[in-house]
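Trainee: Structure in structure tokens, see below.
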Amino acid sequence: MIIYSTRHDAALNAARRGSSILKVTRTMTKLLEKAFEEASRLPEEDQDAFAETLLSDLASEERWTELFVKSQDKLALLAKEALTQFNEGTTRPIEENSDFSHD
């Protein structure tokens, strides 16, 4: 299967579904192009620092996305438990600006 996409999410989803061939057409927004153009004027050391930060942020975002996808069953179970407790009247309202008790 060949996937043509300008969206990162679509490519990730196709990869998760086991696509054997994945081709992604990538385009940058005007704002991203401007940011890279501005960054290209920085000294080499600053460019490398910018690149390291950006790559780290992208990797972190991908990890969070993967963890969120993997946790859907657990989140659904927790939501069901919370709704059951609410319907049974065993929950308490959360007061704004208060700490959560651990009892």
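What follows is calculated from the coordinates using simple rules that are stated; it is not laboratory data. Not measured: the values here are computed from a predicted model. Don't worry about glycine lacking a Cβ; one is built from the backbone with ideal geometry, like all the others, and counts go over all protein chains shown.
Trainee: The range 37-103: which trypsin sites (Lys or Arg not before Pro) are DSSP loop and have at most 15 other beta-carbon atoms within 10 angstrom? Walk me through the intermediate numbers first.
Mentor: Numbers: sites: Arg41, Arg63, Lys70, Lys74, Lys80; in loops: Arg41.
When the trypsin sites (Lys or Arg not before Pro) of the range 37-103 are filtered for loop state and at most 15 Cβ neighbours within 10 Å, Arg41 remain.
Trainee: I've got another one for you. Determine the gain in length on full extension of the stretch Thr84-Arg41; use 0.36 nm per residue of separation and subtract their C-alpha separation, reporting nm with one decimal. Can you show the working numbers first?
Mentor: Working: separation 43, 0.36 × 43 = 15.48 nm, distance 5.78 nm.
In short, 9.7 nm is gained.
Trainee: How would you rank Ser71, Ser98, going from fewest to most other Cβ atoms within 10 Å of each one's own Cβ?
Mentor: Numbers: Ser71 11, Ser98 7.
Lowest count first: Ser98, Ser71.
Trainee: Can I ask one more? How many nm separate the modelled label positions at Lys34 and Glu96, each set 7 Å beyond the Cα in the direction of the Cβ?
Mentor: Modelled inter-label distance: 3.6 nm.
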